[in-house]
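Student: Shown below is the structure under consideration.
The values are calculated or read from the model by the stated rules, or taken from the named source; none is laboratory data. Nothing here was measured: the structure is a model prediction, and the numbers come from that model. Positions of Cβ are generated from backbone atoms using ideal geometry, with glycine treated the same way; all protein chains shown enter the neighbour counts.
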Amino acid sequence: MPITSTVQSILRNYEGETPGVKAQLVRMLMQGRLGGTGRMVILPVDQGFEHGPARSFAVNPAAYDPHYHYQLALDAGLSAYAAPLGPLEAGADTFAGQIPLILKVNSANSLLPSNMPKTQAITATVDDALRLGCAAIGFTIYPGSSMSLEMFEDIAEMRKEAALKGVATVIWSYPRGEDLDSKGETAVDVTAYAAHIAALLGAHVIKVKLPSDHVSQAEAKKVYDAQKIDVSSQAARVRHVVQACLGGRRIVVFSGGAAKGEDSVIQDARDIQAGGGNGSIIGRNVFQRPRAEALALLDQLVSIYKQR
Amino acid sequence: MPITSTVQSILRNYEGETPGVKAQLVRMLMQGRLGGTGRMVILPVDQGFEHGPARSFAVNPAAYDPHYHYQLALDAGLSAYAAPLGPLEAGADTFAGQIPLILKVNSANSLLPSNMPKTQAITATVDDALRLGCAAIGFTIYPGSSMSLEMFEDIAEMRKEAALKGVATVIWSYPRGEDLDSKGETAVDVTAYAAHIAALLGAHVIKVKLPSDHVSQAEAKKVYDAQKIDVSSQAARVRHVVQACLGGRRIVVFSGGAAKGEDSVIQDARDIQAGGGNGSIIGRNVFQRPRAEALALLDQLVSIYKQR
Amino acid sequence: MPITSTVQSILRNYEGETPGVKAQLVRMLMQGRLGGTGRMVILPVDQGFEHGPARSFAVNPAAYDPHYHYQLALDAGLSAYAAPLGPLEAGADTFAGQIPLILKVNSANSLLPSNMPKTQAITATVDDALRLGCAAIGFTIYPGSSMSLEMFEDIAEMRKEAALKGVATVIWSYPRGEDLDSKGETAVDVTAYAAHIAALLGAHVIKVKLPSDHVSQAEAKKVYDAQKIDVSSQAARVRHVVQACLGGRRIVVFSGGAAKGEDSVIQDARDIQAGGGNGSIIGRNVFQRPRAEALALLDQLVSIYKQR
Amino acid sequence: MPITSTVQSILRNYEGETPGVKAQLVRMLMQGRLGGTGRMVILPVDQGFEHGPARSFAVNPAAYDPHYHYQLALDAGLSAYAAPLGPLEAGADTFAGQIPLILKVNSANSLLPSNMPKTQAITATVDDALRLGCAAIGFTIYPGSSMSLEMFEDIAEMRKEAALKGVATVIWSYPRGEDLDSKGETAVDVTAYAAHIAALLGAHVIKVKLPSDHVSQAEAKKVYDAQKIDVSSQAARVRHVVQACLGGRRIVVFSGGAAKGEDSVIQDARDIQAGGGNGSIIGRNVFQRPRAEALALLDQLVSIYKQR
Amino acid sequence: MPITSTVQSILRNYEGETPGVKAQLVRMLMQGRLGGTGRMVILPVDQGFEHGPARSFAVNPAAYDPHYHYQLALDAGLSAYAAPLGPLEAGADTFAGQIPLILKVNSANSLLPSNMPKTQAITATVDDALRLGCAAIGFTIYPGSSMSLEMFEDIAEMRKEAALKGVATVIWSYPRGEDLDSKGETAVDVTAYAAHIAALLGAHVIKVKLPSDHVSQAEAKKVYDAQKIDVSSQAARVRHVVQACLGGRRIVVFSGGAAKGEDSVIQDARDIQAGGGNGSIIGRNVFQRPRAEALALLDQLVSIYKQR
């Protein structure tokens, strides 16, 4: 299938990249109902690692089974399915080649002592991604953490290896650290900075949370005020974050966080679309709903992103 | 010997895995008196490392000799024998090929300063397992410890190497850490979380302790209450833990802890069987009894697990 | 194009170096409007990493796009363009071979906890530099930091690898550390010491900040007084720093820091020229001005450095 | 020379071991006046590292010269000579092949800050042992130290490499650590535990200090009392330690510590012999005596161990 | 040129060493005006790293240029010239093969926070030494520092690699550490201990400072008193240190420290000669004097060491 001109123009931004990586971006951008639009909806299921199995799946016990998520992503016509090693493996034969996979290669959890510096464990490798036929690796960084420099070094190494082996890199960039309060973690300046760092590190796809209109860093505040940077609406903030990713030369997707009302999820997608973001990465709001409801909600998101 | 349909259906859950690993799972699942049933009883003898030689073996001095355990596991018709490098080597020629071996590749001990963060030393390698003809490596993780992320990284690396070399991986998942009190270490939510992490890390066989009905984490408690998760009986808790292991797609065995009454050991096995667990991993309750008593007890356990 | 005698005499100082590295030095020394003069003006754009995207680019939003900087360096006839991996890649095909590139391989950021020992993350490799056709790697050291010994070890390793692979090494030497106050960080003795360390580590090009006339270390102060070392004028301080770099056998370029008045930037260049420095490395004072103003300013700098 | 049946029966305990390692054990067990008896006397000279040269050798200045120890071990008909790299090398040509050598590959010293966690530096490698024609490497572990897990990991790695290269491993197991007082360091339970750990780690020869009758760990004390473990005589304690080493399947030698009276040294050997230990490793009590006295004392030890 | 019998007898002490290393020792022992005498004078120039450029060279500005030191060492007929990577490279072509070079592969500096544990950065490698045609690597250890065990491990690794590649190893052994006061750092017992450690680590040439008559460690003091070890004269202390280096089987050279009077430098050489030391390693006392004075002083040192 020939790629669309929209996808072609996105690809042109990935200068200097290996054909293998470009092929994986094409796989994700041409997959499912959004194929060819330059937009993506990705299903990530690593909340069992982050919050534990019961908090993630008890509300919808069918979701304990990794096959459930593979099938849901397929049936909803999504762009990719992201998960840690264990669950990806558990459906690797059954669903081989049916949907692009993102192997989440590092993870944190809620059993860790609360006063530890924030970081994650690397729990899978690029070779695991190759073996399982994945399109990309997914890696979380915590800009702001005293451990962040090590995380940057790890993903820089893995990105290089992945690119040489024809695997794309998705960076989850979540500000978190000793000098950041919870308001700062979602502040627009901090979010744009975190997205920028992911782009500097060579991410092919960047994932951040939708930011608030708070500006957290004093030095940044001066500039936001002086330059009258518009962060008043969510769409404007999406646009600001996208601009911070090499002037819009990188794919940026946004997550919305904990399960919430359907209206809110849909409004987020409208704002991402309006602000020029490339789509949603949406987990709990999908698999913690009954399957029929989840499919209906995803159908609405896809419809929004299909609009020009 | 052709494998049974029960074993075949277990194997089908190990999608994407190397034939070498599947062959090792078959070796353990087809071994001994439980061969073909999908159930296992494993004899682990690493208590000398954990508690010292006298506390482990003085009550039954024949057990100082590693040959004793090899012979006991064989005579009782068990599924596998697990031990550290030294004792496995000490019978490696005499018992070569007679019973599947699990090389315990990391260990802690009771001489360590009590205020150290909880972790273990890696004392053997995958190549040691190959050289000794082992079916699997065994690795302990301490979810909750400030050292746990390093442990996860170590086993992720070793698991990958082992799988490529046709060796299976058994993870002992024991919650332990700065924010966990002793009640939390055996809480049902924490145990299910720990088992889930082992599954996410790619364990082929997961070993946890039988959990209490305590729910330890505040955020989890809300979900257990809201979703009315049944943890009232031991069988229900076993079922909950098995579900947390990729919806029942992984082999899960349970340990019972310190030496205790025969009735209690037998009741544990009945509950594991009733809850859909795959069996027992039982050490001190075996080798700290006189050999005849131990064989009699194991005979009862095997009989329970042979029931459909 | 045959090289000039000025460039030849600079090259002769790089005894024992690989022809590959010498070729890269020639590329930079023969590039642009200063080609052949032995002087350089380099455009570095890593402030997005250091200070965040808005503080760096909001005043001139065209600069969010990495192509902007490539084009600016080309149009101004500069000697080289330096940036981290992401932005270099983003123009790697469009501008391939048009201007020497310096891949900045380590970076710090302003989200880090303020009480962390000062260091940077290594975010790219020598092989990345090769793949992107770069003339050099750029590496920051923080002499004075408790992490500085590790930074020295890292750049010593990378320099060796780079030289063997025909890539030159530029060291950004910025004093920073637990025993240094902000006055000490720019003191002339400390700056000369930092430049000297870069030279001892094998840097081919050394970048330091223009120092003040403050002498910070007590033991050094005695010598500066006793030997009547002239640090009264900025030109004299430049000369002193150049002398500290193996008696003038290494290329030394100077940066001026935050955006400031045009007159000040020009005076700095005159002093560098008068003191025998090899040129300027100038970022914010260029890209935070409108493009036309920036080109005019660079034109003046180039004219100064073209004077004999 | 054919080996004796005693040596043959010892060798049979080293199941699963490489023929290379077995050959080295034969070399040591067939060497000198105790050749073939299954007993050993080893001369270790690493006290210069531990205590400094003057404290070790000034009382007998001939001992400053490494040749002195080679010659002494030869003339006394001992089983092996153990030392760090420097002194072994200094006689490596002169004495090549005349006596089995044990290369001590890690060492501590008395200049270290007293409040440091107890550990040693690895100062030689398995390849050094090969190059110098050594029969074994010697490695000290400090069970009880917060650094002990790293020491275990280091020796596990080195042991594996050594065995594959046909070099045996001797572990010096010295309890030392933050929670151990000096009485605990030589307690019989702790010593047996330390010897057990060495055996679990795969040591071919285990060296511990002769323990006192003190039982240090509270949990162990209960078992020693309940099981009425006999630790009243030194011979009984030796027997207990030997049993803790895989039920007597490993060679165990004992050291006596600082220089002391001849009677005491001889009594120790009698107790080791009576308790079924494999011999003595004796340093300061030998080389801090005049050569003639040392030879006379060693002659008595050898005579004791030659008794059946 | 055939070597002298004096050099031959020194070489015979380097048993078990590679012919490549022996050839490098011959190069240094046969070089210059002391060639064949078994004595050495070495010019070390790493004070720029240690103290900064102005404190090192401002008193004699010609010394900023690395060529100055090459030429001085040559003109004075010295045995070798030692320096870090940068300055050695800067004359590597001009002076290739004219004088044996020692590449100083680790270095400290005076900008470090004063409360850091004492250690150095490794700033060059054995392969750098090979590439530059060096006879030896030079490595500083700080016995007594909490970082010393890591330093020992590093030099043990590098020494092994160097020896296999035919490069000799010179160890600068400088006691320094948390439990050592400044009097202890130069105490005779501590100096002899530090020299002994260097020998145990396999150094081919050992460099220590001339010690005072202070005995610092309480346990050592007892032995110095009991054994009436003569440390009353500087010559006696030199003899004691040489004895501590494997009974005189290693080359030992002494440094005198900061610039001082000519008479004192000459007296030091006389004492080293009288005590059986192998010579001087002398930096600031040479290059901080005017060239003519320095040559005259070196002429006197050489004359002293030429005496039998």
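Student: Could you figure out which of (1) modelled with pLDDT under 95; (2) more than 30 Å from E:Lys118 (Cβ to Cβ) isn't true of D:Ala82?
Tutor: Checking D:Ala82 against (1) modelled with pLDDT under 95; (2) more than 30 Å from E:Lys118 (Cβ to Cβ), the one that fails is (1).
Student: Out of all the residues in region B:56-74, which are surrounded by 21 or more Cβ atoms within 10 Å (Cβ to Cβ) and either free of Cβ contacts under 8 Å to residues at least 12 places away in the same chain or aliphatic (A, V, I, L, M) (or both)?
Tutor: B:Ala58, B:Ala63, B:Tyr64, B:Leu72, B:Ala73
Student: Output the number of residues of region B:81-100 satisfying the condition of being away from every other protein chain (no Cβ under 13 Å) and at positive phi.
Tutor: Residues flagged as away from every other protein chain (no Cβ under 13 Å) and at positive phi within region B:81-100 amount to 0.
Student: Answer yes or no as to whether D:Ile197 is buried (at least 24 other Cβ atoms within 10 Å of the Cβ), under 18 Å from B:Ala124 (Cα atoms), among the hydrophobic types (A, V, I, L, M, F, W, C) and more than 8 Å from chain B (Cβ to nearest Cβ).
Tutor: Taking the combined requirement at face value, the residue does not satisfy it.
Student: Please go through (1) in contact with a Gly (Cβ under 8 Å, 6 or more places away or on another chain); (2) assigned to a loop (DSSP other than H, G, I, E, B); (3) over 29 Å from D:Arg12 (Cα atoms) for B:Gly77 and return the number of the only condition it doesn't satisfy.
Tutor: So the condition that B:Gly77 fails would be (3).
Student: While we're on this one: In region A:201-249, what residues are closer than 14 Å to A:Asp271 by Cα and either within 13 Å of chain C (Cβ to nearest Cβ) or in a helix (DSSP H, G or I) (or both)?
Tutor: Matches in region A:201-249: A:Pro211, A:Val231, A:Gln234, A:Ala235, A:Ala236, A:Arg237, A:Val238, A:Arg239, A:His240, A:Val241, A:Val242.
Student: If you don't mind, there's one more thing I want to ask. For region C:252-286, which positions are touching a Pro at 6+ places or on another chain (Cβ under 9 Å) and polar (S, T, N, Q)?
Tutor: Answer for region C:252-286, where residues must be touching a Pro at 6+ places or on another chain (Cβ under 9 Å) and polar (S, T, N, Q): just C:Ser255.
Student: Let me ask something else about it. Which of the residues that make up region C:250-284 are part of a strand (DSSP E or B), of a type in the set (Ser, Thr, Tyr) and either surrounded by fewer than 24 Cβ atoms within 10 Å (Cβ to Cβ) or within 14 Å of another protein chain (Cβ to nearest Cβ) (or both)?
Tutor: C:Ser255
Student: Here's another thing I want to ask about it. Got a number for residues in region E:10-24 being part of a helix (DSSP H, G or I) and within 14 Å of chain D (Cβ to nearest Cβ)?
Tutor: 6
Student: Quick check, is E:Ser146 modelled with pLDDT under 95 and either in a loop (DSSP other than H, G, I, E, B) or surrounded by 24 or more Cβ atoms within 10 Å (Cβ to Cβ) (or both)?
Tutor: So E:Ser146 fails the test.
Student: Please specify each residue of region E:163-177 satisfying the condition of being in a loop (DSSP other than H, G, I, E, B), away from chain D (no Cβ under 11 Å) and touching a residue at least 40 places away in the same chain (Cβ under 8 Å).
Tutor: Of everything in region E:163-177, those that are in a loop (DSSP other than H, G, I, E, B), away from chain D (no Cβ under 11 Å) and touching a residue at least 40 places away in the same chain (Cβ under 8 Å) turn out to be E:Lys165, E:Gly166, E:Val167.
Student: Among the residues that make up region A:91-99, is at least one of them touching a residue at least 40 places away in the same chain (Cβ under 8 Å) and not aliphatic (A, V, I, L, M)?
Tutor: Within region A:91-99, not a single residue is touching a residue at least 40 places away in the same chain (Cβ under 8 Å) and not aliphatic (A, V, I, L, M).
Student: With the checklist (1) within 14 Å of chain C (Cβ to nearest Cβ); (2) modelled with pLDDT of 95 or more; (3) assigned to a loop (DSSP other than H, G, I, E, B) in hand, flag the one item E:Phe139 doesn't pass.
Tutor: So E:Phe139 meets the others, but not (3).
Student: State whether one or more residues within region E:41-63 are more than 14 Å from chain C (Cβ to nearest Cβ), in a loop (DSSP other than H, G, I, E, B), among the hydrophobic types (A, V, I, L, M, F, W, C) and in contact with a strand residue (DSSP E or B) (Cβ under 9 Å, 6 or more places away or on another chain).
Tutor: Within region E:41-63, none of the residues are more than 14 Å from chain C (Cβ to nearest Cβ), in a loop (DSSP other than H, G, I, E, B), among the hydrophobic types (A, V, I, L, M, F, W, C) and in contact with a strand residue (DSSP E or B) (Cβ under 9 Å, 6 or more places away or on another chain).
Student: With the structure loaded, tell me whether E:Met30 is more than 14 Å from chain D (Cβ to nearest Cβ), among the hydrophobic types (A, V, I, L, M, F, W, C), surrounded by fewer than 20 Cβ atoms within 10 Å (Cβ to Cβ) and in contact (Cβ under 8 Å) with a residue 12 or more places away in the chain or whether it fails that test.
Tutor: Criteria met by E:Met30.
Student: Among the residues in region E:286-299, are any acidic (Asp, Glu) and in contact (Cβ under 8 Å) with a residue 60 or more places away in the chain?
Tutor: Within region E:286-299 (the criterion being acidic (Asp, Glu) and in contact (Cβ under 8 Å) with a residue 60 or more places away in the chain), the answer is yes, since at least one residue qualifies.
Student: Please pick out the residue among A:Ala129, A:Ala124 that is within 11 Å of chain B (Cβ to nearest Cβ), modelled with pLDDT of 95 or more and at negative phi.
Tutor: Unique residue meeting the criteria: A:Ala124.
Student: Which of the residues that make up region E:246-264 are at pLDDT 95 or above and aliphatic (A, V, I, L, M)?
Tutor: Correct list: E:Leu246, E:Ile251, E:Val252, E:Val253.
Student: Just to be sure, is C:Leu103 part of a helix (DSSP H, G or I), at pLDDT 95 or above and more than 10 Å from chain A (Cβ to nearest Cβ)?
Tutor: no
Student: Right, next: Only one of (1) within 15 Å of D:Gly202 (Cβ to Cβ); (2) more than 7 Å from every other protein chain (Cβ to nearest Cβ) fails for D:Glu153. Which number is that?
Tutor: Every condition holds for D:Glu153 apart from (2).
Student: Just to be sure before I move on: is E:Ser5 more than 16 Å from E:Val170 (Cβ to Cβ) and more than 8 Å from chain C (Cβ to nearest Cβ) in the structure I sent?
Tutor: In short, yes.
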